[in-house]
Amino acid sequence: MNNAVSGFSKLTKEEKINWIANAYFTNPAEAIATLKQYWNNDAKVQQLHDDFIENTISNFYLPMGIAPNFLINGNYYSVPMVIEESSVVAAAAKSAKFWSTRGGFKATVVNTEKIGQVHFLFQGDSVRLQSFFEAIKPILLAATESITANMQKRGGGITSLELRDKTTELENYFQLHATFETKDSMGANFINSCLEQLAKTLKEEALNYAGFNDAEKNISVVMSILSNYVPNCIVRAEVSCQVADLAEKKIENPQEFAEKFVQAVRIAEIEPFRAVTHNKGIMNGVDAVILATGNDFRAVEAGVHAYASRNGQYSSLSHAQIENGIFTFWMEIPLAVGTVGGLTSLHPLVKIALEILGKPSASQLMEIVAVTGLAQNFAALRSLTTTGIQEGHMKMHINNILNQYQTTPEERKMIKSHFENNTISHAAVVSFIDSLRK
């Protein structure tokens, strides 16, 4: 198959769709109809979506749900979640309700520092480079003032700038390492603009620096870019209660449950194979809120997993203990999020999500996101250490199977009635569907 195309980005939207349909589908008309079926009926809204990325041909919808009853720092929140995985929203809501009667969640933003770096090569004396940096540091910062002025009015800007010598790891490699405060914006564009200006000024000043020889004047900038690893942009979320207060319908022996729960977390702390799945469950909650609020879930994922590996081995993000009869479950994760700029002011459903959350600041959103991740983790571990993960998951997943086999309302009623007292599996559901249709 040779479906190369020239000038695809210059085609109209209709032309792109027609080319895709004819190049890849045996029934082009059906493919075109499916793509157009997911267009927004409001032309302005559709144009807004078309402009988010290049070469748009349709919209890819994910369900947007609500997990209510989150009691966080004394305030109730209904948390919007965008995710396709069965049982995630239900599990978050169940955890929220469970802890709402046990004191709720406590959340604290520890720090909000973000990082950007100018990576460059310098062939010369590192001592002279350090002297050069100290001499031009005020000039570097002054060069960014036109970019940072508005951010400084909001209490943000560049908070520190240092020269780092990395030549023991890579020949001739140095970096300008800058830290930023971006207040309620995620700040990616702001940070990158500052870094590019720093790089430009660095090169210009080197050419005119009398302390360098000719070779040293030619600083080679490799790249200027923010880091999605933000180990000093940290939020802590936790829950705690008397062990006895953990009792509920499925937790008849709260002491036994608490001890088993703590052991499950400790396994994730020392076993990477378990830790990855354990943390994936946390990110089910985190990513769902990040998506709903128009933030960058790929950046958050990358930063969080790097943080989980910061001690040399991938490990659990969450921790648990029993001390003096008190059960405590907590987590600290790095989160760089924003509530202004980007999609937050453009995407209609992002606006709705932020309204539902009470128009939070970036710090408040960090707390909400972290709490949702912790709630998701609690729900998963509660299931794993009691009834098993599949019971609740398959009850939700059964709807996907019923949709796949296009069951009628009558069939659905009989199937769900049958599996109230029978083990749910994909094979068992399909077999029962077949038996109904014979």
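Computed from the coordinates by the stated procedures, all read-outs in this text should not be read as laboratory data. All figures in this text were calculated on a predicted structure; none of them were measured in a lab. Don't worry about glycine lacking a Cβ; one is built from the backbone with ideal geometry, like all the others, and counts go over all protein chains shown.
Within a Cβ distance under 13 Å of residue 217, other residues only, what is the Lys/Arg minus Asp/Glu net charge?
-3
Rounded to the nearest 20 debye, what is the charge dipole size of the chain about its Cα centre when +1 sits on each Lys and Arg Cβ and -1 on each Asp and Glu Cβ?
Numbers: 38 positive and 44 negative charges, 197 e Å.
That gives the chain a dipole magnitude of about 940 debye.
Which three extents, in whole angstrom, do the alpha-carbon atoms of the stretch 126-175 cover along their principal axes, largest first?
Result for the stretch 126-175: principal-axis Cα extents of 39, 21, 13 Å.
So for the pair residue 208, residue 250, with labels modelled 7 Å out along Cα→Cβ, what separation do we get in nm?
Label at residue 208, label at residue 250, 6.9 nm between them.
Note down the relative contact order for the chain as a percent, whole number, built from C-alpha pairs under 8 angstrom at least six residues apart. Could the numbers behind the result be given before it?
Numbers: 695 pairs, mean separation 77.6, N = 438.
RCO, the chain: 18 percent.
Pop out the ³J(HN,Hα) list for the stretch 207-222 in order, Karplus 6.51 cos²θ - 1.76 cosθ + 1.60 with θ = phi - 60°, rounded to Hz; leave Gly and Pro as x.
Result, ordered by residue: 5, 9, 7, 5, x, 9, 7, 4, 5, 6, 5, 8, 5, 9, 7, 7 Hz.
Above 17 angstrom, tally the Cα pairs of the stretch 393-437 and express them as a % of all pairs, no decimals. The partial results should precede the final answer.
Working: 135 of 990 pairs.
Summing the P(r) tail past 17 Å for the stretch 393-437 gives 14 percent.
At 222 nm, what helix-only mean residue ellipticity would the chain give, in deg cm²/dmol to the nearest 500, using -39500 (n - 2.57) for each DSSP H run of four or more? Don't jump to the answer; show the numbers that get you there.
Numbers: 16 runs with 214 residues, N = 438.
Computed mean residue ellipticity for the chain: -15500 deg cm²/dmol.
Multiply the residue separation of residue 125 and residue 27 by 0.36 nm, subtract the distance between their alpha-carbon atoms, and state the gained length in nm to one decimal.
Details: separation 98, 0.36 × 98 = 35.28 nm, distance 6.66 nm.
The residue 125-residue 27 span can extend by a further 28.6 nm.
From the P(r) of the chain, could you give the percentage of C-alpha pairs in the tail past 26 Å?
Within the chain, distances greater than 26 Å cover 67 percent of Cα pairs.
Using the crude model of +1 on Lys and Arg Cβ and -1 on Asp and Glu Cβ, and no other charge, please compute the dipole size for the stretch 181-221 relative to its Cα centre, in debye to 20. The partial results should precede the final answer.
Details: 4 positive and 7 negative charges, 11 e Å.
Magnitude of the dipole: close to 60 debye.
Taking a threshold of 26 Å on the Cα-Cα distance, which of the pairs 44/359; 114/166; 153/359; 44/153; 351/416 fall above it? Write out the running numbers ahead of the final one.
Values: 44/359 24 Å; 114/166 20 Å; 153/359 21 Å; 44/153 34 Å; 351/416 37 Å.
As for pairs spanning more than 26 Å Cα to Cα, those are 44/153; 351/416.
Using only the Cα atoms, work out Rg/Rh for the stretch 89-248, with Rh taken as the Kirkwood radius, to two decimals. Don't skip to the end; give the middle numbers.
On the way: Rg = 22.3 Å, Rh = 18.5 Å.
Across the stretch 89-248, the Cα-based Rg/Rh ratio is 1.20.
Quick one: what are the phi-derived ³J(HN,Hα) couplings along the stretch 101-106, Karplus 6.51/-1.76/1.60 with θ = phi - 60°, whole Hz, x for glycine and proline?
For the stretch 101-106, the Karplus-derived couplings read 9, 10, x, x, 8, 10 Hz, x marking Gly and Pro.
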